[in-house]
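The values are calculated or read from the model by the stated rules, or taken from the named source; none is laboratory data. This structure is a prediction, so every number in the text was calculated from the model and none was measured. Here Cβ is always computed from backbone atoms with ideal geometry, including for glycine, and neighbour counts include all displayed protein chains.
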Amino acid sequence: MKTFSKKLLKTLTYIWIFALFSACEKDYLTINAFEAEGTIVGYSVSDTSATLKVAVVSIECSKNKADNIEKVIDYIEYIMISNPETELISFGESITGLYAEEPAYIKQISETIPGPFTDSLAYYAQKHFNFLSAGLAEIAEDKVYNSMVL
């Protein structure tokens, strides 16, 4: 069942990426996330059939997992208060800690999917009727993976 869930999540991620980019067939939009804080990006093409209101968040993580999770939750709440029409909030890679550390530390901050962090994300996604995407160190069968959840 776990393998099926991972394959399903991977498939859904590819579908999401395809849907996101296929709406812009010949055009594309780029923005530097480090210079974009507070920037509202508009993309208007007459032949697109749908839009998705996305907030992309880049946070400075520390080695303290609890502090990082608190930052994530604070950003979710801030974004949904200031921009309640947001449909997807996307956080970066390994936001529960520092991924470029010793293997013992990475194993310490890793968790199962589902697990406490993904349960928190699910709670806030349901609370605000939106989608959340985040990277984390996942542990499965004593192996650690650099994973992304949606």
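A few points about this structure:
- Within the range 128-150, the set of residues being free of Cβ contacts under 8 Å to residues at least 24 places away in the same chain and either buried (at least 18 other Cβ atoms within 10 Å of the Cβ) or closer than 27 Å to GLU85 by Cα (or both) comprises PHE129 only.
- Condition check for TYR105: free of Cβ contacts under 8 Å to residues at least 24 places away in the same chain and not hydrophobic (A, V, I, L, M, F, W, C): no
A quick yes/no check of all residues on (1) charged (D, E, K, R); (2) modelled with pLDDT under 90; (3) more than 20 Å from HIS128 (Cβ to Cβ):
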{"position": "THR13", "(1), (2), (3)": "no, yes, yes"}
{"position": "ALA23", "(1), (2), (3)": "no, yes, yes"}
{"position": "ASP47", "(1), (2), (3)": "yes, yes, yes"}
{"position": "THR51", "(1), (2), (3)": "no, yes, no"}
{"position": "ALA55", "(1), (2), (3)": "no, yes, no"}
{"position": "ILE73", "(1), (2), (3)": "no, no, no"}
{"position": "THR112", "(1), (2), (3)": "no, no, yes"}
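- The one condition in (1) surrounded by 13 or more Cβ atoms within 10 Å (Cβ to Cβ); (2) free of Cβ contacts under 8 Å to residues at least 24 places away in the same chain; (3) on the phi > 0 side of the Ramachandran plot that SER94 fails to fulfil: (2)
- Of all the listed residues (GLU87, GLU141), the sole one being modelled with pLDDT under 95, among the acidic types (Asp, Glu), more than 21 Å from GLU60 (Cα to Cα) and under 16 Å from the mean Cα position of the chain (by Cα) is GLU87.
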